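Below is one structure, written out as structure tokens; the observations come after it.
The values are calculated or read from the model by the stated rules, or taken from the named source; none is laboratory data. All values derive from a computational prediction rather than experimental measurement. Heads up, the Cβs are rebuilt from the backbone with ideal geometry, glycines too, and the neighbour counts pull from every protein chain shown.
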């Protein structure tokens with residue numbers, strides 16, 4: 001079973017990043033939403049209705065699942081035109097989206113001759129074709145050059161800013177950290193976390209407050225007394241974990257301890273993600289033993 | 001209903017935006033002309049050798065017989081409309097756009113069938129003309145004739161036969177998904193099995209062979225030149241009924257599997 005009892009509700013006006021190890025069920029989840037795979041139990045609803053009940057679904061949900069899913073002998077324009085026809089989308093919209101993804105020049109080329117990056121742009125054009133409120137992208141930056149990656153990031157942000165629901169899966173944590181507002185993390189087909197990006201990062205044990213003070217010993221005693229974990233980094237430096245920077249600053253002030261430096265060192269999303277998913281593996285092992 | 005109309009419009013674009021369609025239709029034309037001229041030529045030569053006088057060969061008669069193998073190029077064209085989607089993965093894109101699977105199947109059949117019917121009529125007309133022009137030489141002494149009513153009826157018959165075989169192919173393609181599997185199944189149904197049954201020689205096997213699509217089609221088209229060597233044991237309308245039944249079974253199998261399986 002690829003996905004087990006996964007409940008998600010996506011928010012409009014935000015980019016939701018969808019993370020999980022390979023085989024966690026990210027693509028399967030997207031296929032279930034689109035009615036391509038059939039759940040053995042439960043439902044996937046878009047705007048409250050099953051996907052196949054939506055009339056002209058491309059105008060409600062745009063999706064890019066696999067950029068390589070193109071007939072090698074068909075031009076990008078013909079590919080998009082067929083999709084447009086199937087959902088009553090006017091022909092001029094095809095040229096609009098081709099322009100939007102920077103493919104107007106290559107639209108007549110047979111898809112088999114396109115690079116992966118170009119195929120990716122064509123797939124994004126197909127997702128945008130129906131001007132949908134909900135967008136699903138499975139690994140949209142695969143095969144894109146740095147300019148392309150930056151372009152996709154900007155596109156996701158602007159689609160969300162227009163009030164659309166944007167759901168993006170990716171392996172690239174650094175990219176997600178820059179793109180997503182909200183994160184959904186799954187492992188082994190189960191939900192591990194569904195929270196705002198800022199909360200995921202703040203929750204990591206690697207997010208810490210770094211303090212420089214000539215009275216490091218005194219402050220360490222004070223902070224530990226308040227239940228905060230403290231590591232001594234050097235003569236004048238401490239690292240406090242498990243409390244926001246405001247609390248560490250306030251405690252120092254109350255104790256009358258002079259500070260020369262106070263800053264937060266945020267965990268990267270990659271670090272936070274590693275912690276979350278390694279947890280899920282332990283959880284799985286525990287369950288197997290029980 | 002408009003969902004179906006839109007899906008048909010999309011399938012139309014898809015069919016004509018790949019070269020393989022043109023290649024297959026070109027192949028169907030070439031096979032039809034070559035087959036009809038060869039079969040017509042051998043009939044004419046035999047008549048000449050036997051010294052049969054007063055024998056008349058309608059120019060479209062060898063054309064009807066030539067459909068037995070010329071249909072394979074058309075099967076390839078109809079098949080690719082389905083199997084290329086599975087080979088490239090575009091079937092998932094198609095089903096995103098047209099999520100009701102029965103509509104997708106119907107749209108493919110509704111595009112492929114009339115196109116193949118027209119291809120049958122046009123390639124049949126070209127082959128009839130070729131037979132008439134090449135075999136109306138003095139040597140055969142006016143053996144080949146061109147009675148308009150009969151020719152038109154034969155050509156329309158070819159069109160209907162091709163349409164039904166292509167619908168059958170769409171059903172088989174959706175059931176098999178792969179080009180190799182579909183081609184194997186269609187080849188066996190159209191030629192392999194009936195020929196094996198003919199070779200078996202028993203009356204029961206012969207009866208079964210004559211009810212398979214190719215011979216049912218020949219019966220429907222009113223052919224007297226057929227590989228079975230004897231007269232058809234049932235009238236033309238029954239040939240059409242058998243063809244319809246085969247197409248219905250293939251479409252039903254394709255539909256059931258299409259609905260049941262993950263895309």
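Only residues that are part of a loop (DSSP other than H, G, I, E, B) and farther than 22 Å from residue A:267 by Cβ: list them for region A:139-188, please.
Matches in region A:139-188: A:139, A:140, A:141, A:142, A:143, A:144, A:145, A:162, A:163, A:164, A:188.
Rundown of residues vs (1) at the interface with another protein chain (Cβ under 10 Å from one of its Cβ atoms); (2) at pLDDT 95 or above; (3) not in a helix (DSSP H, G or I), yes/no style:
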{"site": "A:68", "(1), (2), (3)": "yes, no, yes"}
{"site": "A:78", "(1), (2), (3)": "yes, yes, no"}
{"site": "A:81", "(1), (2), (3)": "yes, yes, no"}
{"site": "A:89", "(1), (2), (3)": "yes, yes, yes"}
{"site": "A:93", "(1), (2), (3)": "no, yes, no"}
{"site": "A:97", "(1), (2), (3)": "no, yes, no"}
{"site": "A:108", "(1), (2), (3)": "no, no, yes"}
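Determine whether region A:19-30 contains at least one residue that is buried (at least 17 other Cβ atoms within 10 Å of the Cβ), more than 14 Å from every other protein chain (Cβ to nearest Cβ) and not in a loop (DSSP other than H, G, I, E, B).
Checked against the condition, which is being buried (at least 17 other Cβ atoms within 10 Å of the Cβ), more than 14 Å from every other protein chain (Cβ to nearest Cβ) and not in a loop (DSSP other than H, G, I, E, B), region A:19-30 yields at least one hit.
How about region A:197-280: which helices (runs of 4 or more DSSP H) wholly inside it have at least 3 residues that are within 29 Å of the chain's Cα centre (by Cα)?
Working: elements: A:197-202, A:216-225, A:245-254.
Per the criteria, A:197-202.
Can you name the condition, by its number, that residue B:180 falls short on among (1) under 30 Å from residue B:131 (Cβ atoms); (2) surrounded by fewer than 19 Cβ atoms within 10 Å (Cβ to Cβ)?
Only one criterion is unmet by residue B:180, namely (1).
Got a sec? Which of A:183, A:116, A:197, A:206 is surrounded by fewer than 19 Cβ atoms within 10 Å (Cβ to Cβ) and closer than 30 Å to residue A:239 by Cα? Can you show your working first?
Details: A:183 fails: surrounded by fewer than 19 Cβ atoms within 10 Å (Cβ to Cβ); A:116 fails: closer than 30 Å to residue A:239 by Cα; A:197 fails: surrounded by fewer than 19 Cβ atoms within 10 Å (Cβ to Cβ).
The unique qualifying residue is A:206.
If you check A:12, A:72, which single one turns out to be in a loop (DSSP other than H, G, I, E, B), more than 11 Å from chain B (Cβ to nearest Cβ) and at pLDDT 85 or above?
Numbers: A:72 fails: more than 11 Å from chain B (Cβ to nearest Cβ).
So the residue among A:12, A:72 that is in a loop (DSSP other than H, G, I, E, B), more than 11 Å from chain B (Cβ to nearest Cβ) and at pLDDT 85 or above is A:12.
Against the definition (touching a helix residue (DSSP H, G or I) at 6+ places or on another chain (Cβ under 7 Å) and in the same structural domain as residue A:138 (by TED's automatic domain parsing)), how does residue A:122 come out, yes or no?
Working: touching a helix residue (DSSP H, G or I) at 6+ places or on another chain (Cβ under 7 Å): yes; in the same structural domain as residue A:138 (by TED's automatic domain parsing): yes.
Spelling it out, residue A:122 is indeed touching a helix residue (DSSP H, G or I) at 6+ places or on another chain (Cβ under 7 Å) and in the same structural domain as residue A:138 (by TED's automatic domain parsing).
Kindly indicate the residue of region B:85-111 that is crowded, with 21+ Cβ neighbours inside 10 Å and under 15 Å from residue B:176 (Cα atoms) and also farthest from the other protein chains (Cβ to nearest Cβ) among those meeting that condition.
Residue satisfying both the conditions and the ranking: B:105.
Which one of these is touching a residue at least 12 places away in the same chain (Cβ under 8 Å) and either surrounded by fewer than 19 Cβ atoms within 10 Å (Cβ to Cβ) or in contact with a strand residue (DSSP E or B) (Cβ under 6 Å, 6 or more places away or on another chain) (or both): B:144, B:151, B:115, B:185?
On the way: B:151 fails: either surrounded by fewer than 19 Cβ atoms within 10 Å (Cβ to Cβ) or in contact with a strand residue (DSSP E or B) (Cβ under 6 Å, 6 or more places away or on another chain) (or both); B:115 fails: either surrounded by fewer than 19 Cβ atoms within 10 Å (Cβ to Cβ) or in contact with a strand residue (DSSP E or B) (Cβ under 6 Å, 6 or more places away or on another chain) (or both); B:185 fails: either surrounded by fewer than 19 Cβ atoms within 10 Å (Cβ to Cβ) or in contact with a strand residue (DSSP E or B) (Cβ under 6 Å, 6 or more places away or on another chain) (or both).
It is B:144.
For region A:51-59, check the following and say yes or no: at least one residue is surrounded by 23 or more Cβ atoms within 10 Å (Cβ to Cβ), farther than 24 Å from residue B:262 by Cα and either within 12 Å of chain B (Cβ to nearest Cβ) or modelled with pLDDT of 90 or more (or both).
No, every residue in region A:51-59 fails to be surrounded by 23 or more Cβ atoms within 10 Å (Cβ to Cβ), farther than 24 Å from residue B:262 by Cα and either within 12 Å of chain B (Cβ to nearest Cβ) or modelled with pLDDT of 90 or more (or both).
Please give the helices (runs of 4 or more DSSP H) falling wholly within region B:197-263 in which 2 or more residues are out of contact with any helix residue (DSSP H, G or I) (no Cβ under 7 Å at 6 or more places or on another chain) and either touching a residue at least 60 places away in the same chain (Cβ under 8 Å) or within 14 Å of chain A (Cβ to nearest Cβ) (or both).
B:236-260
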